[in-house]
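This report refers to the structure that appears directly beneath it.
Each value in this text was obtained by applying a stated rule to the coordinates, not by laboratory testing. Quick caveat: nothing in here was measured; it's all calculated off a predicted structure. When we count neighbours, we look across all protein chains shown, and the Cβ atoms used for this are built from the backbone with ideal geometry, even at glycine.
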Amino acid sequence: MWNYSDKVLDLFYNPRNQGVIEDTQEPGFAVVRGEVGSIACGDALRLHLKIDVAQDRIVDARFQTFGCTSAIASSSALTEMVKGLTLDEALAITNQDIVAYLGGLPQQKMHCSVMGQEALEKAIYQYRGITPPHLGEHAEGEWVCTCFGVTREQIRRVIQQNRLTTAEAVTHYTKAGGGCGSCLRLVDEILAEATAPMTNVQKIQKIQSVLADLRPYLQADGGDVELFDVHGDRVSVVLKGACGSCASRVTTLKEVIEQRLRQEVWPALVVEAVRPVS
Amino acid sequence: MTVVYLDNNATTAVDPEVLAAMLPYLTEYYGNPSSMHRFGGQVAKAIQTAREQVADLLGALPTEIVFTSGGTEGNNTAIRSALAAFPDRRHIVTTQVEHACVLNLCKTLEKQGYRVTYLSVDRHGMLDLLELEAALTGDTAVVSTMYANNETGVIFPIEQIGQIVKSRGVLFHVDAVQAVGKIPISLHHSTIDFLTLSGHKFHAPKGVGALFVRRGVRFYPYLIGGHQERNRRAGTENVAGIVGLGKAAALAQSYLQQQGAVAALRDRLEQTLVAQIPDTVVNGQGSPRLPNTANIGFKYIEGEAILLMLDREGICASSGSACTSDSLEPSHVLQAMGLPHSVLHGSIRFSLSRYTTAADIDRVTAVMPEIVARLRALSPFQTEEEAWLQSPTLATHV
């Protein structure tokens with residue numbers, strides 16, 4: 001029998017925020033859904049968010065989950081955690097935050113927390129009209145694990161965020177390799193790649209690719225971002241357009257960009273906004 | 001809260017009479033049965049009595065019974081012995097629905113150069129005997145099949161299988177761990193060469209079992225050491241366990257007639273649940289089954305969640321759901337039967353015993369509709385048409 005925390009059991013036996021949010025076309029509010037998993041995989045989550053458009057804030061969250069005790073508890077925890085947050089704040093939630101909220105999860109159940117994080121991102125990015133690389137449409141060749149439908153990008157991100165070092169841990173967090181096992185060698189390769197110390201050139205390439213993902217969202221607001229320099233842990237960026245002129249946006253943006261870069265590139269980095277030398 | 005124990009295919013309660021028979025061999029009669037004194041000799045006699053009791057239950061000769069530590073040892077021993085008997089043959093035939101101890105042994109043997117055919121089953125959990133016939137070659141050393149499946153209770157047509165196997169000069173091993181004590185077995189005129197049983201599945205303690213080895217079948221021991229069990233299984237005997245196994249076998253014999261009552265309770269459980277709860281199916285219903293086993297699929301919800309809800313009501317059952325084990329795959333048995341995903345993940349096994357009462361069954365049927373309704377209210381699936389979730393690699397394309 002799994003050793004579930006009291007919090008997990010409480011949220012399983014007395015789930016908070018179960019159900020759907022109907023889109024009633026209420027002015028000033030948007031309703032979005034994020035769907036991950038499948039009945040074939042053994043768990044699936046449909047997350048519903050109600051967003052206050054002017055404030056960019058989540059005012060209500062509900063879930064529908066097909067899955068085990070920890071999948072249901074993780075989903076319920078997620079809805080409790082995101083209510084009242086701005087979308088930027090919500091995007092900063094990692095699967096580790098969900099695990100911490102639950103008072104821990106058995107290792108073999110970590111994928112339940114990852115499912116929560118992915119559903120949240122899917123819902124928010126869908127609302128913003130952006131497709132991040134690890135959640136997008138996938139061509140046949142991009143699957144690493146075809147049993148559970150896990151991509152290289154998903155695996156890489158979970159390794160980074162949770163500092164995973166073994167293929168077994170990757171299976172616990174993503175299910176990849178938990179079916180036929182034929183992708184475990186590939187998982188090993190991704191692990192080797194992801195955990196190898198990065199050269200400056202690799203760091204810069206990786207930062208550029210993260211910024212490229214963020215750029216459409218900034219451009220939608222009339223702004224933009226460019227990498228200026230990398231020095232040790234210090235990453236200097238230039239904020240342009242609307243972003244560069246609005247003081248409060250500069251602070252938020254710096255934080256959002258830093259958060260994403262820390263998650264995806266290396267955890268100790270610090271972002272600073274600089275003005276280009278003209 | 002009293003526990004309603006419906007997980008008897010996992011393990012059973014030790015019968016009080018079994019415990020009583022064992023206790024003296026854990027206290028005053030502690031001698032070694034191999035010793036050359038009467039103090040040890042009386043223990044050897046107790047083992048002989050147990051051997052006769054087990055042989056009686058199986059319709060076998062006492063000399064055909066080798067005591068083991070249980071099902072896993074019996075299955076490993078039999079298959080390896082059969083391979084050793086045919087050193088030139090490199091092919092094994094088994095089924096896709098065997099217990100892990102047979103399947104994983106076969107996988108290990110594949111790495112050592114053996115070829116293994118895993119026979120398929122249909123949606124009722126039944127073998128195709130033509131597939132068996134086609135699988136047998138001059139290279140086949142052994143066919144190993146279950147007598148009855150641990151998850152669904154489906155009973156294989158053992159004698160029909162045996163006729164085919166023996167007509168081709170191949171050794172026949174049967175894993176009867178779930179069948180012994182639940183249905184009559186008579187080995188005297190049977191085609192079976194090796195048959196495995198395990199004590200704790202029929203009210204003996206854990207850690208003891210037996211392997212039937214037909215007289216005249218060449219046998220190669222697995223454990224090498226002393227001369228115990230007529231050189232067939234080395235190691236000082238688990239005396240109390242063996243005495244308990246003997247007593248449990250004698251009791252099982254006398255309780256065999258009562259298995260009809262167990263089947264009646266099982267049928268009542270199945271019929272009530274199917275009638276009360278929509279989208280509920282009995283897996284393996286179309287086949288002959290053990291009297292005590294019900295495997296019921298509750299669509300659109302997940303088995304582990306059901307088990308925890310039942311656990312809170314004091315009801316013990318089990319599930320082949322992916323989430324109940326380290327494996328991420330749902331039950332290999334239900335998968336082999338080709339059941340849809342909606343059923344695969346939400347199937348629960350209730351396994352009864354002679355101790356199960358009508359009140360136990362009523363407790364389950366009283367709480368189950370509410371449990372299923374609660375979990376279905378949480379689930380995003382209500383119908384088979386939820387296409388976005390049918391396949392992991394299709395999900396994002398829809």
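When the chain is fully extended, how far beyond the present Cα-Cα distance does B:Ala261 get from B:Thr11, taking 0.36 nm per residue of separation?
88.0 nm
If you take the beta carbon distance between A:Asn200 and B:Arg80 as r and set R0 to 60 Å, what does 1/(1 + (r/R0)^6) give as a FRET efficiency, to the nearest 0.05?
0.55
Run the Debye formula on the Cα coordinates of chain B, all scatterers equal and no solvent, and tell me log10 I(q)/I(0) at q = 0.08, 0.09, 0.11, 0.14 1/Å.
Each listed q corresponds, in turn, to -0.45, -0.57, -0.83, -1.23.
Where in segment B:120-156 does the amide nitrogen come within less than 19 Å of the point 7 Å from the Cα of B:Arg90, taken along Cα to Cβ?
Within reach of a label on B:Arg90, which here means backbone N under 19 Å from a point 7 Å along Cα→Cβ, segment B:120-156 contributes B:135-143.
Run the count for segment B:16-255, please: Lys pairs, Cα-Cα under 20 angstrom, 8 or more apart or on different chains.
The number of close lysine pairs in segment B:16-255 is 6.
What list of ³J(HN,Hα) values in whole Hz, one per residue of segment B:83-94 in order, does the Karplus curve 6.51 cos²θ - 1.76 cosθ + 1.60 (θ = phi - 60°) give from phi, with Gly and Pro shown as x?
Rounded to whole hertz, the list is 5, 5, 6, 10, x, 8, 9, 10, 10, 10, 10, 9.
Give the value in nm², to one decimal: projected area of the alpha carbon convex hull of segment A:200-273, averaged over all directions.
Numbers: hull surface 16.5 nm².
Taking a quarter of the hull surface, the average projection is 4.1 nm².
Label B:Ser186 and B:Gln163 with points 7 Å out from Cα along Cα→Cβ: what is the distance between them in nm?
Between B:Ser186 and B:Gln163, the label points sit 1.7 nm apart.
Working from Cα positions, state the angle (0 to 90°, nearest 10) between the long axis of helix B:38-58 and the longest principal axis of chain B.
50 degrees
How high is the FRET efficiency between B:Arg268 and A:Lys240 when r is their beta carbon distance and R₀ equals 51 Å, given to the nearest 0.05?
Taking R0 as 51 Å, the efficiency between B:Arg268 and A:Lys240 is 0.10.
Looking only at other chains, what is the average number of their beta-carbon atoms within 10 angstrom of each beta-carbon in A:165-177?
The shielding value for this peptide is 1.
What does the highest-first list of A:88-97, A:21-30 look like by mean Cβ count within 10 Å?
Answer by packing, highest mean first, reads A:88-97, A:21-30.
What is the local net charge at B:Gly41, summed over the other residues whose Cβ is closer than 15 Å to its Cβ (Lys, Arg +1; Asp, Glu -1)?
Value of the local net charge: 0.
Can you run phi through the Karplus equation (6.51, -1.76, 1.60; θ = phi - 60°) for segment B:16-21 and list ³J(HN,Hα) in whole Hz, with x for Gly and Pro?
Computed from phi, the couplings for segment B:16-21 are x, 5, 5, 4, 4, 5 Hz.
Can you compute the FRET efficiency between B:Asp56 and A:Thr146 using 1/(1 + (r/R0)^6), with r the Cβ-Cβ distance and R0 = 60 Å? Round to the nearest 0.05.
0.70
For segment A:6-130, what is the convex hull volume of its Cα atoms per residue in Å³? Walk me through the intermediate numbers first.
Numbers: hull volume 11.9 nm³, N = 125.
With only Cα atoms used, segment A:6-130 gives 95 Å³ per residue.
Using a simple spin-label model with points 7 Å from Cα along the Cα→Cβ vector, what separation in nm is obtained for B:Glu370 and B:Thr2?
Inter-label distance under the simple model: 1.9 nm.
Per residue of the protein assembly as shown, what 222 nm ellipticity follows from adding -39500 (n - 2.57) for every DSSP H run with n ≥ 4, rounded to the nearest 500?
Roughly -12500 deg cm²/dmol at 222 nm, from the helical runs in the protein assembly as shown.
Between B:Gln276 and B:Asp362, what is 0.36 nm times their sequence separation minus the Cα-Cα distance? Round to one decimal in nm. Can you show the working numbers first?
Working: separation 86, 0.36 × 86 = 30.96 nm, distance 1.26 nm.
Here the answer is 29.7 nm.
In a shell of Cβ-Cβ distance under 13 Å around A:Val31, excluding A:Val31 itself, what net charge do Lys and Arg (+1) and Asp and Glu (-1) give?
-1
Per residue of segment B:289-302, in order, report the coupling 6.51 cos²θ - 1.76 cosθ + 1.60 (Karplus, θ = phi - 60°) as ³J(HN,Hα) in whole Hz, putting x for Gly and Pro.
The phi angles translate into 9, 4, x, 9, 10, 10, 10, 10, x, 9, 5, 6, 10, 10 Hz.
Output the 0 to 90 degree angle, nearest 10, between the alpha-carbon long axis of helix B:158-167 and the longest principal axis computed from the alpha carbons of chain B.
Here the helix axis deviates by roughly 60 degrees.
With the Cα gyration tensor of the protein assembly as shown in hand, convert its eigenvalues to equivalent ellipsoid semi-axes via √(5λ) and list them largest first in whole Å.
57, 28, 22
For the pair B:Lys45 and B:His227, how long in nm is the line joining their label points, each one 7 Å along Cα→Cβ?
About 2.1 nm separates the two model spin labels.
Find how much the distance from B:Thr383 to B:Arg215 grows on full extension, using 0.36 nm per residue of separation minus their present alpha carbon separation; answer in nm with one decimal.
54.9 nm
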